Amino acid sequence: MIMAQIMFALFALFLVSVCTGQDFCVGKCPHYKVLEDFEVRLYDASTWITTKVDSSQASDVLAANSQLKDYAKKQTEAGFEIPTDSWPALIKVKDGKGDPEFSLSWFVPPATKTPEDSDPLVQLESKPEATVYVRVFGGTPSIQSGQENATKLREALITAGKNFDHDIYSGAAYESYFSPAHHNEIWIYAA
Ligand SMILES: *[C@@H]1O[C@H](CO)[C@@H](O)[C@H](O)[C@H]1NC(C)=O
């Protein structure tokens with residue numbers, strides 16, 4: 001009986017998660033289109049550890065990830081407890097003039113005791129409170145799918161008349177690269 005209830009609850013959750021869109025008005029309802037295909041979030045000021053990514057190849061992203069992991073481990077051994085399980089991981093892509101530049105950042109939770117900035121490869125970064133435009137997408141994240149989704153978000157922001165930084169976007173990942181399911185986001189900072 002309990003099991004059946006649990007199964008029903010899970011099934012209902014599944015239904016809720018697949019039926020997105022205009023399912024709150026049932027029967028004969030006026031039709032509309034969703035115009036703003038993005039979220040607007042106000043993020044608190046935050047701290048990140050950041051390292052350079054040499055190219056858009058997955059192997060370079062994974063290498064940068066190991067770099068951050070090693071740094072976190074080293075700092076934790078020195079008494080600073082930089083966590084390795086905080087999310088999102090952010091890949092910043094600067095693709096204005098010249099060759100694109102990439103960096104990878106991990107979120108450092110508030111009240112984490114952080115070291116002096118002494119590592120040549122990993123920087124501690126403080127970001128002020130910021131308004132971020134967000135587009136959600138699925139699938140194993142890649143620079144390619146991120147790029148397409150960033151283009152979509154930029155188009156939507158232009159249509160909505162928003163001011164934003166046109167040369168930089170970030171891809172946010174919330175699971176390990178090897179996870180079977182993914183929730184990814186593109187972040188573009190409001191100007
Ligand atoms: C966004 O990312 C998803 C998942 O990788 C992909 O299927 C889709 O084609 C991308 N582009 C757009 C425009 O949604």
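The values are calculated or read from the model by the stated rules, or taken from the named source; none is laboratory data. Because the structure is a prediction, the values reported are computed rather than measured. Glycine also receives a Cβ, built like all others from the backbone with ideal geometry; neighbour counts cover every protein chain displayed. Only protein heavy atoms, including side chains, enter the accessible area calculation; ligands, DNA and RNA are left aside. Shrake-Rupley method; radii C 1.70, N 1.55, O 1.52, S 1.80 Å.
Things to note:
- Options Ile186, Ile158: the member that is within 16 Å of the ligand (Cβ to nearest atom) and touching a Leu at 6+ places or on another chain (Cβ under 8 Å): Ile186
- All positions within the range 169-191 that are modelled with pLDDT of 95 or more and either open to solvent by 40 Å² or more (accessible area, probe 1.4 Å) or among the charged types (D, E, K, R) (or both): Glu185, Tyr189
- Test set (1) within 9 Å of the ligand (Cβ to nearest atom); (2) over 12 Å from Asn184 (Cα atoms); (3) not polar (S, T, N, Q) - His166 fails condition number: (1)
- Restricting attention to the range 107-146, the residues being more than 18 Å from the chain's Cα centre (by Cα) and within 11 Å of the ligand (Cβ to nearest atom) number 0.
- Failed item, numbered, when Gly171 is tested on (1) out of contact with any strand residue (DSSP E or B) (no Cβ under 7 Å at 6 or more places or on another chain); (2) within 15 Å of the ligand (Cβ to nearest atom): (1)
Yes/no matrix, rows are residues, columns are (1) aliphatic (A, V, I, L, M); (2) under 12 Å from Trp48 (Cα atoms):
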{"position": "Val61", "(1), (2)": "yes, no"}
{"position": "Lys73", "(1), (2)": "no, no"}
{"position": "Glu81", "(1), (2)": "no, no"}
{"position": "Trp87", "(1), (2)": "no, yes"}
{"position": "Ala130", "(1), (2)": "yes, no"}
{"position": "Tyr133", "(1), (2)": "no, no"}
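- Cross-chain or 6+ apart pairs with Cβ under 9 Å, the range 136-157 first and open to solvent by less than 40 Å² (accessible area, probe 1.4 Å), then of a type in the set (Lys, Arg) and in a loop (DSSP other than H, G, I, E, B): Ala156/Lys162
Conditions (1) over 16 Å from Ile188 (Cα atoms); (2) of a type in the set (Ser, Thr, Tyr), marked per residue:
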position	(1), (2)
Glu81	yes, no
Thr84	yes, yes
Gly96	no, no
Asp99	yes, no
Pro120	yes, no
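- Of all residues in the range 54-63, none satisfies being of a type in the set (S, T, N, Q), open to solvent by 40 Å² or more (accessible area, probe 1.4 Å) and in contact with a Leu (Cβ under 7 Å, 6 or more places away or on another chain).
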